[in-house]
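**Q** Below you will find the structure I want to go over with you.
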Amino acid sequence: MRVRNSGIMVDRPNIEYTVTNGRAEITLDRPEVYNAFTPEMLVELNETILSAMHNPDVYAILLTGRGDGFCSGADVTEMNGREDRVNKFQYSAHLWKVQYVDRLLYFGPKPTIAAVNGPAVGAGSDFALACDFRIMSDESFFRQQFVNIGLVPGDGGGWLLPRLVGESKAKQYLMTGRDIDPAAAEDMGLVVEVVPDGETKAAGVDLATELRDKPRTAVQHTKELIDTGQSFSDYAATARQLQWECINSPEHQEAIEAFNEGREPDFDRQN
């Protein structure tokens with residue numbers, strides 16, 4: 001496997017972004033408030049995810065938090081008096097930016113992994129739910145906080161959670177604001193793995209590396225093909241198109257040749 005190491009590292013005020021060995025690592029960096037986001041940080045996060053999605057050297061994206069928290073949602077200390085909370089259109093624009101993080105992680109072409117190293121609360125929980133895979137520390141939890149502070153799950157959780165755990169279970173957590181602890185998350189299949197505290201990022205890197213080493217076109221088209229809302233007829237039609245593209249990809253040809261020759265495939269990640 002030949003992987004170009006672009007060695008990109010961008011240190012934004014509230015986000016650390018690193019691209020190395022085919023992986024993009026995005027770290028939320030406000031540990032003093034469990035990585036709660038401000039409007040400025042929200043813009044940084046959208047820009048960073050977009051950069052990773054469009055970077056040809058990135059094959060998998062890892063999202064995590066600095067310190068003891070993954071993301072505690074919006075910074076509540078900044079809510080009162082914020083200009084965009086007194087004008088409906090400005091607030092809609094703000095909420096759209098939160099929702100767009102979920103949209104990029106969920107619908108973006110590249111596989112996304114949340115390394116949940118601590119509390120994932122409110123919109124922070126939704127960011128993790130929007131990823132394709134979640135790895136969870138045994139000291140972390142998910143909390144759909146919204147009802148506890150008089151809000152609805154407008155960031156995306158009311159759409160994401162029922163698709164992941166079923167409608168009944170989702171209502172239980174969305175309408176009570178109860179914590180989803182590691183045992184419950186693992187039992188519901190919400191997470192790939194629960195690991196000891198301090199090991200989430202390493203486990204996330206391992207999974208990102210595994211995904212990186214798969215045929216890129218097949219991984220991205222598989223993600224595109226999975227849609228719980230589509231009919232089988234729609235699925236079948238989409239699958240025919242995507243499979244044709246896979247069949248004509250160089251990585252498929254290399255995978256078949258390697259299989260027939262009894263060796264590991266050698267995908268040229270410089271193309």
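Quick note: the coordinates plus some simple rules give every number you see, no bench work behind them. What you are looking at is a predicted structure, and each value in this text was computed from that prediction instead of being measured. With ideal geometry, Cβ positions are generated from the backbone for all residues, glycine too; neighbour counts draw on all protein chains shown.
**Q** For Val195, list long-range residues whose amide hydrogen, built 1.01 Å from N in the peptide plane, is under 5 Å from its own amide hydrogen.
**A** For Val195, whose amide H was placed from the backbone, the distant partners under 5 Å are Met136, Ser137, Asp138.
**Q** A further question on this structure: Using only helices, what value at 222 nm comes out for the chain when you add -39,500 (n - 2.57) per DSSP H run of length 4 or more and divide by the total residues, to the nearest 500 deg cm²/dmol?
**A** The helix contribution divided over the chain gives -13500 deg cm²/dmol.
**Q** Between region 40-58 and region 211-262, how far is it from one alpha carbon centroid to the other, in angstrom?
**A** The distance from the Cα centre of region 40-58 to that of region 211-262 comes to 25 Å.
**Q** At Leu95 and Asp138, where each label point lies 7 Å from the Cα along Cα→Cβ, what is the point-to-point distance in nanometres?
**A** Distance between the two pseudo-spin positions: 4.0 nm.
**Q** Let me have the relative contact order for the chain, percent, based on Cα pairs under 8 Å that are six or more residues apart.
**A** RCO, the chain: 18 percent.
**Q** Using only Cα atoms, locate the centre of region 12-34 and the centre of region 112-176, then give the distance between them in Å, rounded to an integer.
**A** The two parts, judged by their Cα centres, are 21 Å apart.
**Q** Can you list, largest first and rounded to whole Å, the semi-axes you get for the chain by taking the square root of 5 times each eigenvalue of its Cα gyration tensor?
**A** Working from the Cα gyration tensor, I get semi-axes of 33, 21, 19 Å.
**Q** Something else about it: How many lysine pairs does the chain hold where the Cα atoms are under 19 Å apart and the two sit 8 or more places apart or on different chains?
**A** 5
**Q** Along region 27-36, what does the Karplus equation 6.51 cos²θ - 1.76 cosθ + 1.60 (θ = phi - 60°) give for ³J(HN,Hα), rounded to whole Hz, x for Gly and Pro?
**A** Ordered by residue, 3J(HN,Hα) equals 10, 5, 10, 10, x, 5, 10, 6, 6, 4 Hz.
**Q** Would you work out the relative contact order for region 122-271, in percent, from Cα pairs under 8 angstrom that are 6 or more residues apart?
**A** Relative contact order comes out at 21 percent.
**Q** Scan the chain and note any complete DSSP helix (H) whose C-alpha atoms cover at least 15 Å along its axis and whose Kyte-Doolittle average is -0.5 or more.
**A** 39-54, 88-107, 200-212, 232-247
**Q** Picking from Tyr91, Tyr59, Tyr173, which is most flexible by a Gaussian network model of the chain using Cα springs under 10 Å?
**A** It is Tyr91.
**Q** Sticking with this one: Calculated FRET efficiency, Met175 and Glu261, Cβ-Cβ r, R0 45 Å, to nearest 0.05?
**A** In this case the efficiency is close to 0.20.
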